[in-house]
Amino acid sequence: MNFQKWSTVFLVTAAATTWIACNNQPQETAQTTTTQDTVPAKPPVARPVHWGYEGESGPATWASLSPVYALCGEGKGQSPINIVKSETKGGATWKFDYKNTSLRIAHNEHMEDIVDNGHTIQVTVDEGSTFKFNNKTYHLKQFHFHTPSEHTLDGNHAPMEMHMVHQSDDGGFAVVAVMFKEGKVPNEDFAKIIANLPNAKGETKHVADANLDLKVHLPKDNFAYHYIGSLTTPPCTEGVQWLILREQVTLTADQIKAFASRIGPNNRPTQALNTRTVDVSDLKGTVTE
C-alpha cells in the first residue's frame, strides 16, 4: 500500500472512531441535560380527608386526621363557644340586605369545599344577598343546619341551629347563626324547606317555584352576640366573624324532628373562649326592607 492510500485509510478510521465515541456518551449525561431543560413537577397538594362526628373520625380526632386540620386542635380562636348572656355593648355596624331565592337544597354527607359544612341539610342561595360588617361586604352563599345547636347559651343547647354562611371578595368569612326553640304553632317559613327535604344522602333538589324570602328567616329582635371565631368543621379556619341572633325562632317538635332525623347529631362540642370577648350588637333598623 502506498503512502497516499495509507493516509486515506488512517483518516477514515480516525473519523469513524471519533463519531462512535461522541455518540456513546454515558446515559447519565444525556439524562442530566434533559432534566435541566425540564420544569420540575409541583409537589402534591395535601387533600382533606374524611371526618365525622363520632368514633375515630369525630371532633376529638380532627386535628390528627390531616395536617390541613391542625387548627382544629391548635387554634386559640375556635368555634362554637358557650355564650354567657350579658349586656356588653359592641360598637360594630351591621347591615343585612337579603333577597328572595329559589330553593336549591341538598343532603350532603361530606363535602370538601371550605364554605360548605358537610353532614347537613344545605340550601344554596341565588346571588344578591349580602351582609355588611364595618363597611366590608360579605355575600350569602348558603345556609345549613345543626342538631342540636353548636353554640350554647349559659351552657344550654337549643334543639337546632342554622348557619347562614357569607364570604367576602377577599375570602373572609362571616356566619350569622339562628337558634331554634320548640313551640306549638308550625313555622310556615320553614315548611317549604321541610316539604322538599332530600330523602337520601347525596340527593339534591332544585325547586324553582319554591321562592324563599330570606329576610323572614331572621327574628324580629335585632340584638345579637358577636365574637371572632372559626368554621365549626375542618379545616376549622379562624378569623370568622360570628353573629348569633339573640332571639330564637320557633319550630314545632315535628319540624325539628324532620331535620334531626336526617342529620343529627352533627354538632361540634364548644371550645375554649381563651382571651376573646363576646359583645352584644344592636341591629335595630339594619335589615333592608
Order by neighbour count: SER149, SER57, SER86, fewest other Cβ atoms within 10 Å first, most last.
SER86, SER57, SER149
Going by average Cβ neighbours within 10 Å, how do the peptides 71-79, 253-261, 194-202 rank, with the highest at the top?
71-79, 253-261, 194-202
Can you pull out the GluC sites (Glu not before Pro) in region 122-216 that DSSP calls coil and that have at most 10 other Cβ atoms within 10 Å?
GLU127
Just how far, in whole angstrom, is region 223-274 from region 165-205 if you go by their alpha carbon centroids?
11 Å
Distance between modelled label sites at ASP279 and ASN156, nm, 7 Å Cα→Cβ extension:
2.7 nm
If each residue of separation counts as 0.36 nm, what is the full-extension length gain between LYS136 and LYS192 once their alpha-carbon separation is subtracted?
17.0 nm
Gain upon complete extension [THR61, SER261; 0.36 nm per residue less C-alpha separation]
69.5 nm
Order by neighbour count: VAL278, VAL68, fewest other Cβ atoms within 10 Å first, most last.
VAL68, VAL278
Proxy exposure order for LYS141, LYS205 (fewest C-beta within 10 Å first) is LYS205, LYS141
Unsatisfied cross-links (Cα-Cα over 29 Å) in the set LYS89/LYS136; LYS141/LYS201; LYS89/LYS215; LYS205/LYS257; LYS76/LYS99; LYS89/LYS184:
LYS76/LYS99; LYS89/LYS184
Please give the length that would be gained between LYS201 and ASP170 if that part of the chain were fully extended, namely 0.36 nm times their separation in residues minus their C-alpha to C-alpha distance (nm, one decimal).
8.0 nm
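Values quoted throughout were computed directly from the atomic coordinates according to the rules given, and no laboratory measurement underlies them. The structure displayed is predicted, hence computed values, not measured ones. Cβ atoms come from the backbone with ideal geometry, glycine included; neighbour counts cover every protein chain shown.
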